[in-house]
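Below: the structure, in structure tokens.
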Amino acid sequence: MKKAILGGSFNPIHNGHLMMAECAHKQFDLDDIIVIPNKTTYYKKNKVFVSDEHRINMIKLAIEDKTYLSFSDMEIVRGGVTHTIDTIHEFQRLYPGVDLYFIIGGDSLEWVDRWVSAEELLSSVIFLSAVRGDTDKKRSLEIIKRIQGQYPESKIELLDMEDYPISSSDIRDKIKNGEDVREMLPEAVYKYIIQNGCYL
């Protein structure tokens, strides 16, 4: 059994997140990818979020027709500052013996070795890092070599996916400026944002 975690702010969830999940599912034959929005993180604690309820609703809408995606609110329920290692411990308790994967963007790979309890984290799960283009792949391989030199037990694989240069912050800015973001979001999420006046 292979379970993967796709964590993040999802403020809002967008097509890039879904593309990354689909790529991981196909490339590594994952049984279940669990989308977990975080409550707060120590490096984003000053960021203004829409409500937890809005983020949860948008995630559920985005994944409702994807059988390999599921949702967990464990980090929101836990509250406070989120550390990935706490979530991994909870998954190890809930699913003993399951192969755990953790999906991250290429930007996060740059500093994953500086996360809290990095040594335990890097040896406990298989990290799947998104790669976009040859330049990104070369840089990612350099980072992996550096991390594995420091943490020989670390397990990191690369996800080959199409370039999708968009972020949640870009989407929020475009909405605030009255620009069209329909193509960047699942249709149901786009309609939810418009109906609820999010990010205006």
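The values are calculated or read from the model by the stated rules, or taken from the named source; none is laboratory data. Note that this is a predicted model, so its numbers are computed, not measured. We place every Cβ from the backbone using ideal geometry, glycine too, and count neighbours over all the protein chains shown.
Pairs are defined by a Cβ separation below 9 Å, a sequence spacing of at least 6 or placement on different chains, a first member in region 1-18 that is closer than 18 Å to Val98 by Cα, and a second member that is small (Gly, Ala, Ser); the pairs so defined are Met1/Gly97; Ala4/Ala21; Ala4/Ala24; Ile5/Ser72; Leu6/Ala21; Leu6/Ala24.
For region 93-112, residues that are surrounded by 19 or more Cβ atoms within 10 Å (Cβ to Cβ) and part of a helix (DSSP H, G or I) total 3. Filtering region 130-150 down to residues that are touching a Gly at 6+ places or on another chain (Cβ under 7 Å) and assigned to a helix (DSSP H, G or I), which residue is modelled with the highest pLDDT? Among those that are touching a Gly at 6+ places or on another chain (Cβ under 7 Å) and assigned to a helix (DSSP H, G or I), it is Ser140. For region 151-170, the tally of residues that are assigned to a loop (DSSP other than H, G, I, E, B), touching a residue at least 60 places away in the same chain (Cβ under 8 Å) and not acidic (Asp, Glu) stands at 4. For Leu121, the stated conditions hold: it is outside any strand (DSSP E or B), surrounded by 19 or more Cβ atoms within 10 Å (Cβ to Cβ) and in contact with a helix residue (DSSP H, G or I) (Cβ under 6 Å, 6 or more places away or on another chain).
Against the criterion of being part of a loop (DSSP other than H, G, I, E, B) and out of contact with any strand residue (DSSP E or B) (no Cβ under 9 Å at 6 or more places or on another chain), Glu183 does not qualify. The set of residues from region 171-180 being part of a helix (DSSP H, G or I) and of a type in the set (D, E, K, R) comprises Arg172, Asp173, Lys174, Lys176.
Residue by residue, here is whether (1) surrounded by fewer than 17 Cβ atoms within 10 Å (Cβ to Cβ); (2) assigned to a helix (DSSP H, G or I); (3) basic (Lys, Arg) holds:
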position: Cys23; (1), (2), (3): no, yes, no
position: Ile36; (1), (2), (3): no, no, no
position: Arg55; (1), (2), (3): no, yes, yes
position: Ala62; (1), (2), (3): no, yes, no
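Residues of region 186-197 that are crowded, with 19+ Cβ neighbours inside 10 Å and either assigned to a loop (DSSP other than H, G, I, E, B) or of a type in the set (S, T, N, Q) (or both): Pro186 alone.
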